[in-house]
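Just so it is clear, none of the values below were taken in a lab; they were calculated from the coordinates. Predicted, not measured: the structure shown is a model, and the values here were computed from it. Ideal geometry is used to build each Cβ from the backbone, glycine not excepted, and the neighbour counts take in all protein chains shown.
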Amino acid sequence: MLGLKLPTDPRWVNIVETNIEEILTDHAWCEQKAATNAIYLITQNSEHPDLVTDLLAIAKEEIEHFNQVHELIKQRGFQLGRERKDEYVNDLIKFLKKDGSRQQSFIDRLFFSALIEARSCERFKVLSKHISDPELSQFYHDLMVSEAGHYTTFLGYAKKYGTGIDVDKRWKEWLEYEHSVIINYGKKESVHG
């Protein structure tokens, strides 16, 4: 369904389990960045009321996820650490079209967003199936479902507003690029690491 070219090796969960505090802190900041990204898309494309409505809902949900992860951090006696750089996301940013039209930039940002949601969904699925902590297993299962919805929203808007752009071709290019990036990850206790 997600179209990702390279699945996460389930052994990545063994790395995650060595430092639950780190994965939770990284995850919290990923949720904050996802909310910020939704708001950025709204501010740049406010002429689309349907998109504004749906992305406001996503931004609220992402902030709620940030809150849920923060509550887990506190319940476990951990502290929310400093914001981390997400090298995976930074690598994806490099593929955004910077020399095209405003519409091309808009569609690319939607694809960028869809891809991050897809990979997060896929990672949450791996966590839900393989982590030994039952509470985190259920938590990541629930979030996996939510991320899948965000993925389809971003992808749907790219197709809806991609008039004059070969959106299927560009999406395939994004998937291929993500494949070339993700092969370098899966070695750290972070959502995309």
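Measuring from centroid to centroid over Cα atoms, what is the spacing of the stretch 173-187 and the stretch 69-100 in Å?
If you average the Cα positions of each part, the centres end up 17 Å apart.
Cα-based Rg of the chain per 2.2 N^0.38 Å, rounded to two decimals?
1.01
Out of the stretch 53-123, which GluC sites (Glu not before Pro) are coil in DSSP terms and have no more than 10 other C-beta atoms within 10 Å?
Those that pass, being in a loop and sparsely packed, number zero.
Starting from the Cα of residue 159, draw a straight line to each of the aspartates and glutamates and keep only those under 17 Å, dropping any in the same chain fewer than 8 residues away.
Candidates past the 8-residue exclusion: 47, 50, 54, 108, 117, 168, 173.
Just rank 177, 140, fewest to most, by other beta-carbon atoms within 10 angstrom.
With the fewest neighbours first, 177, 140 line up as 177, 140.
Based on the Cα atoms of the stretch 114-193, what semi-axes does the equivalent ellipsoid have, where each is the square root of 5 times one gyration tensor eigenvalue, given in whole Å with the largest first?
Calculated on Cα positions only, the semi-axes equal 28, 16, 6 Å.
What residue among 164, 149, 81 shows peak mean-square fluctuation when the chain is described by a Gaussian network model with Cα springs under 10 Å?
164
Non-local amide H neighbours of residue 189 (under 5 Å, H modeled in plane, Pro and chain starts lacking H): which ones?
Amide H neighbours of residue 189: none.
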